[in-house]
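Below is one structure; the comments refer to it alone.
The values are calculated or read from the model by the stated rules, or taken from the named source; none is laboratory data. This structure is a prediction, so every number in the text was calculated from the model and none was measured. Using ideal geometry, Cβ is built from the backbone for each residue, glycine included, and neighbour counts are taken over all protein chains shown. For accessibility, only protein heavy atoms count, side chains too; no ligands or nucleic acids. Shrake-Rupley method; radii C 1.70, N 1.55, O 1.52, S 1.80 Å.
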Amino acid sequence: MPLGHTSLSHGVVVFGFFNVKCDCLLLNNHFFFASDFCYWVTGWAQEGPPAEGFQDVYVIENPVDIGNRRWGELGCRHHGFLSDVYELLPFPDDPEDFRQQPEGGRVRREVEPILQKWATATQMPVRFDREQGHISLGEFVFDRPGFRELLLYVWRGGLPTWRDSVRPQYVTDMAHALQCSTHWPFQGMCRGG
């Protein structure tokens, strides 16, 4: 489930998985797939972070169109993207099954058209400000510890954690790139975490 994370720009922002059966992430009203996020981070860790760049994401401007995750979990029909996803991928019947599924990327073909129905595809500016020690994902600005928490969240598989501690390959690739990175935002980032 998405958790509150500390940003420098907006105070606490919501980030994380919202359905254990798919690998879509949200950052407040920005949506992108965990596989894409991990590929971005892997590239930044290996090649160096861009002073400024752009990544493809989806944005849902109207909060009503995001939907209600809790109502969707309970099986209630409600307006919005999250509710439509929960209709396709219902909450597990057995609480023991409430673990992030490492094969969640396989349903992207079904989830992305639902996202496109509710959201606008756009390019999110990404900035790495070495002098300030800040990382900006769109309008959301994080310091290194705050950004590290986003990465650790994905590594852990969110609050329920990855099922059987099995991570998708893109997550382990990201962690390896972070451990080997000599670039300023990532130095020592995954050691001990």
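The table below lists the values:
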{"item": "GluC sites (Glu not before Pro) within region 94-193, DSSP loop, no more than 16 other Cβ atoms inside 10 Å", "result": "E103, E131, E139"}
{"item": "Range of Cα positions in region 96-148 per principal axis (Å), largest first", "result": "42, 32, 14"}
{"item": "Over the chain, relative contact order from alpha-carbon pairs under 8 Å, at least 6 apart, %", "result": "27"}
{"item": "Heavy-atom accessible surface of the chain: percent carbon and sulfur, 1.4 Å", "result": "49"}
{"item": "Average accessible area per residue (Å²) across region 95-148 - probe 1.4 Å, nucleic acids and ligands excluded", "result": "57"}
{"item": "Where N is the number of residues in the chain, Cα Rg divided by 2.2 N^0.38 Å", "result": "1.00"}
